[in-house]
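Structure record follows, encoded as structure tokens.
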Amino acid sequence: MKRPKNSAKNGRAKPTPTKLRVIGGDMRGRPIEYHGEEFTRPMKDNIRENLFNILGRAVRGAICFDMFAGTGALAIESLSRGAISAVAIEQSNRAASYIRKTTESLSIESKVKILVGDAFRWSEQVLIPPADPDDPLIGVPWIVFVCPPYILWEEELGKLNQIINRVLTNAPPGSVLVVEAEKKFDIESLPKGEWDVRVYGNTQLAFIEPAMTCGMRL
């Protein structure tokens with residue numbers, strides 16, 4: 001007997017779009033579109049809230065770089081809390097289209113640059129100081145989120161550390177880098193620096209201010 005066309009394979013229901021929400025700031029409570037697919041793992045609301053409570057005033061007036069954007073929630077939350085602009089990098093076209101829908105529904109599309117493709121390659125282009133010495137963005141602090149699929153900490157640790165080192169080298173004073181990994185991940189595997197590590201269930205967040213460790217490399 002043939003399975004109906006609309007039925008999911010292996011008896012599993014087809015994911016349907018759901019909505020997350022902005023936790024705080026000017027857009028608090030507004031929806032964030034989420035396609036429901038398993039390849040995107042949105043950060044839990046309580047962890048996202050703790051993350052931004054720790055960042056505090058550092059977000060205001062900063063440029064946000066969400067290197068593995070997924071739903072774009074971290075970039076959008078940053079804008080809600082006072083970031084001046086955001087760059088959201090996402091490899092999946094489908095996921096990127098949902099980020100675009102959210103930015104349009106919140107009327108912040110002019111503040112968010114969505115880049116589709118490999119975050120490792122894009123990092124070489126975006127995590128650099130402005131080339132024009134008169135660029136008004138020179139010296140503007142960065143908030144950089146490196147929150148990849150957990151498996152990448154096993155498969156692409158070297159490349160992830162290259163992104164981190166690029167931030168440590170190029171970020172202006174006042175910047176903050178945030179890393180998300182599983183609790184079992186060894187933070188000692190990251191580039192050396194004064195990491196502030198917080199654990200929430202099976203998730204750990206590690207914060208570092210690049211200006212304090214500028215130039216450190218593996």
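Numbers for the structure displayed
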| item | result |
| --- | --- |
| Test: residue in region 178-189 that is buried (at least 18 other Cβ atoms within 10 Å of the Cβ) and in contact (Cβ under 8 Å) with a residue 40 or more places away in the chain | yes |
| Hey, GLY139 farther than 29 Å from ARG21 by Cβ and touching a strand residue (DSSP E or B) at 6+ places or on another chain (Cβ under 7 Å) or not | no |
| Elements of type helices (runs of 4 or more DSSP H) contained in region 102-218, each with 3 or more residues being β-branched (Val, Ile, Thr) | 157-170 |
| Conditions (1) under 17 Å from LEU115 (Cβ atoms); (2) open to solvent by 30 Å² or more (accessible area, probe 1.4 Å); (3) modelled with pLDDT of 95 or more; (4) assigned to a helix (DSSP H, G or I); number of the one not met by PHE68 | (4) |
| From the options PRO141, PRO148, residue that is out of contact with any His (no Cβ under 6 Å at 6 or more places or on another chain) and open to solvent by less than 30 Å² (accessible area, probe 1.4 Å) | PRO148 |
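The values are calculated or read from the model by the stated rules, or taken from the named source; none is laboratory data. Everything numeric in this text was worked out from a predicted model, so none of it was measured. FYI the Cβ positions are ideal-geometry reconstructions off the backbone, even for glycines, and counts take in every protein chain you see. For accessibility, only protein heavy atoms count, side chains too; no ligands or nucleic acids. Shrake-Rupley method; radii C 1.70, N 1.55, O 1.52, S 1.80 Å.
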